[in-house]
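A short worksheet on the structure shown next.
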Amino acid sequence: MFLRSKGSEELIGRVKEISGQDPHLCMQCGTCGGNCTAREFMDFLPRQVVRMVQLGDARALRCRSIWICSTCLLCTVRCPRGIDVARMMEALRVINLRRGREALPVAKIPAGLLGQVPQMALVGGLRKLSA
Amino acid sequence: MEMPYFPGCTLYRKAENLDASTRSSLAALGVKLIELPRWTCCGAVVPLARDNYMGMVAAARILADAAKMGKTLATVCSFCYNVLKQVNYVMQRDPEARQKLNNYLEEGYRGEVRVIHALEICRQNPSLRAAKDRGSGYLRGLKVACYYGCTLLRPAAVALDDAENPAVMEEMVAVLGAEAVAYPLRTACCGSYQVLHEGALVAQKVREIIASASAAGAEVIITSCPLCQFNLDWWQERFSREDGGFRPVPVLYFTQLLGMALGVPPGDLGLERHLVDPRPLLSGAPL
Ligand code: SF4
Ligand code: SF4
């Protein structure tokens, strides 16, 4: 069981502020995860990430899911409660990135891909996943 | 008709053939694209954090410059289209963001430019049907899977067409005399920039999308996104090397198909740049 702490309120507040979304609107239907591009590669489904944000559970900041998200916006367009879930995932990323915690240091990009991918992949990937 | 045009950085490097085929096929429809005199990368992805104004500066700059040239700005890369359209939407609707960005840029831009995608130019072009009749007609019956991906359609506020049931590419394919196949994954995500970070995710998405299109009988896939094109092309080439039984489906830009139908010289279309070579399939064509 997860118990709220002072940090919980802070986390909820920051995600609300950065994403502009109210996590408490979520009714835990799971539509977001059912549609999610990256669901099979995530440790927590988007529904579970939103639940952690509702509770102020800091595991939301440490989970893998936020870095596996491809910002496809399928969750966003299909949430029956009108929550822009992708913005919540991004808020969790940027809270990390602004503390220097990144998922994609340039050195980790496979060398065989670096010279081959279109420029937009590099600009986009580094913007979403690097500090 | 002349129209201001933003190519975007990928179209100057890896997707030169998207740029060339867009310019030449639209020229065949009587639309001359005039490249903006100065431009930068649009930023590729739009910031989803509400307090990230810096992530919108480049696109706001491009839009403010375009406003000095005319009322519309044409683009074709799906990412550029999405970023320009979303930032334009913010400039129209969000007074705080508008003021911050304008102060920074020393501009007074209010979102008055209309961002238009090459597919929309085709949709509203009266000469598409007539121009196609002048062409060779060798696309007749070709089975085409239109792949939209994410950024032409989401979020719904900037969608080029119905976000869940688009038709603009299928309509174009039908006018050109080819056959658009119906398959479920045409609006799915290919995994996008995760190719740099979680390749296995992209590999799986590509397998699913190709299987879906193949099951519907697709002989060729068309897209307007250089990253979708790369992901689908690069992984299929890999699958073919690893598994002799894998049947790859060539992935073209819609502008290449359009150009072929309109009789644009093949040399202007850059078909040879794709990894899964589309030329054998299109060998009935004068390539
Ligand atoms: S789709 Fe919306 S309401 Fe349903 S679980 Fe996801 S965020 Fe909550
Ligand atoms: S935006 Fe991210 S969380 Fe939402 S469906 Fe796409 S991959 Fe999943």
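Data table
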{"quantity": "Any hit, segment A:22-30, residues being away from every other protein chain (no Cβ under 13 Å), within 26 Å of B:GLY149 (Cα to Cα) and small (Gly, Ala, Ser)", "calculated": "yes"}
{"quantity": "Sole residue being free of Cβ contacts under 8 Å to residues at least 24 places away in the same chain, of a type outside the set (Val, Ile, Thr) and surrounded by 21 or more Cβ atoms within 10 Å (Cβ to Cβ), chosen from B:GLN204, B:GLN194, B:GLN229", "calculated": "B:GLN194"}
{"quantity": "Residues (near ligand 1 (Cβ under 10 Å from one of its atoms), among the charged types (D, E, K, R) and at the interface with chain B (Cβ under 8 Å from one of its Cβ atoms)) located in segment A:72-88", "calculated": "A:ASP84"}
{"quantity": "Selection from segment A:1-34 of residues that are basic (Lys, Arg) and within 16 Å of ligand 2 (Cβ to nearest atom)", "calculated": "none"}
{"quantity": "Total residues in segment A:110-121, condition assigned to a helix (DSSP H, G or I) and within 7 Å of another protein chain (Cβ to nearest Cβ)", "calculated": "4"}
{"quantity": "Segment A:92-109 - residue that is facing chain B (nearest Cβ under 7 Å) and touching a Leu at 6+ places or on another chain (Cβ under 8 Å) and, of those, farthest from B:LYS14 (Cα to Cα)", "calculated": "A:ALA103"}
{"quantity": "Any hit, segment A:5-15, residues being away from ligand 1 (no atom under 13 Å from the Cβ) and either within 23 Å of B:ASN231 (Cα to Cα) or at the interface with chain B (Cβ under 9 Å from one of its Cβ atoms) (or both)", "calculated": "no"}
{"quantity": "Which listed residue, of B:TYR104, B:TYR148, B:TYR109, B:TYR183, is surrounded by fewer than 24 Cβ atoms within 10 Å (Cβ to Cβ), within 30 Å of B:ARG238 (Cα to Cα), at pLDDT 95 or above and among the aromatic types (Phe, Trp, Tyr)", "calculated": "B:TYR183"}
{"quantity": "Selection within segment A:46-71 - within 14 Å of ligand 1 (Cβ to nearest atom) and over 10 Å from the mean Cα position of the chain (by Cα)", "calculated": "A:ARG47, A:GLN48, A:ARG51, A:MET52, A:VAL53, A:GLN54, A:LEU55"}
{"quantity": "Single condition A:VAL106 does not satisfy, out of (1) in contact (Cβ under 8 Å) with a residue 40 or more places away in the chain; (2) more than 10 Å from ligand 2 (Cβ to nearest atom); (3) of a type in the set (Val, Ile, Thr)", "calculated": "(1)"}
{"quantity": "Members of segment A:35-89 that are more than 8 Å from ligand 2 (Cβ to nearest atom), without any contact (Cβ under 8 Å) to a residue 24 or more places away in the chain, in a helix (DSSP H, G or I) and farther than 13 Å from A:LEU11 by Cα", "calculated": "A:GLU40, A:ARG47, A:GLN48, A:VAL77"}
{"quantity": "Residue within segment A:77-98 that is over 29 Å from B:ASP161 (Cβ atoms), among the β-branched types (Val, Ile, Thr) and in the same structural domain as A:ILE12 (by TED's automatic domain parsing) present", "calculated": "yes"}
{"quantity": "Segment A:1-23 residues that are under 16 Å from B:LEU48 (Cβ atoms), paired with ones that are outside any loop (DSSP other than H, G, I, E, B) and small (Gly, Ala, Ser) (beta carbon under 6 Å, 6 or more apart)", "calculated": "A:VAL15/A:ALA91; A:ILE18/A:ALA91; A:SER19/A:ALA91"}
{"quantity": "Selection within segment A:90-103 - acidic (Asp, Glu) and away from ligand 2 (no atom under 16 Å from the Cβ)", "calculated": "A:GLU102"}
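Each row is one residue, and each column tells you yes or no for (1) surrounded by fewer than 18 Cβ atoms within 10 Å (Cβ to Cβ); (2) free of Cβ contacts under 8 Å to residues at least 60 places away in the same chain; (3) in the same structural domain as B:MET91 (by TED's automatic domain parsing).
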| site | (1), (2), (3) |
| --- | --- |
| B:PHE6 | no, no, yes |
| B:THR10 | no, no, yes |
| B:ARG13 | yes, yes, yes |
| B:ASN17 | no, no, yes |
| B:LEU48 | no, yes, yes |
| B:MET54 | yes, yes, yes |
| B:ILE62 | no, yes, yes |
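The values are calculated or read from the model by the stated rules, or taken from the named source; none is laboratory data. In this text the structure is predicted, and so the values were computed from the model without any measurement. Every residue, glycine among them, receives a Cβ derived from its backbone with ideal geometry; neighbour counts consider all protein chains shown.
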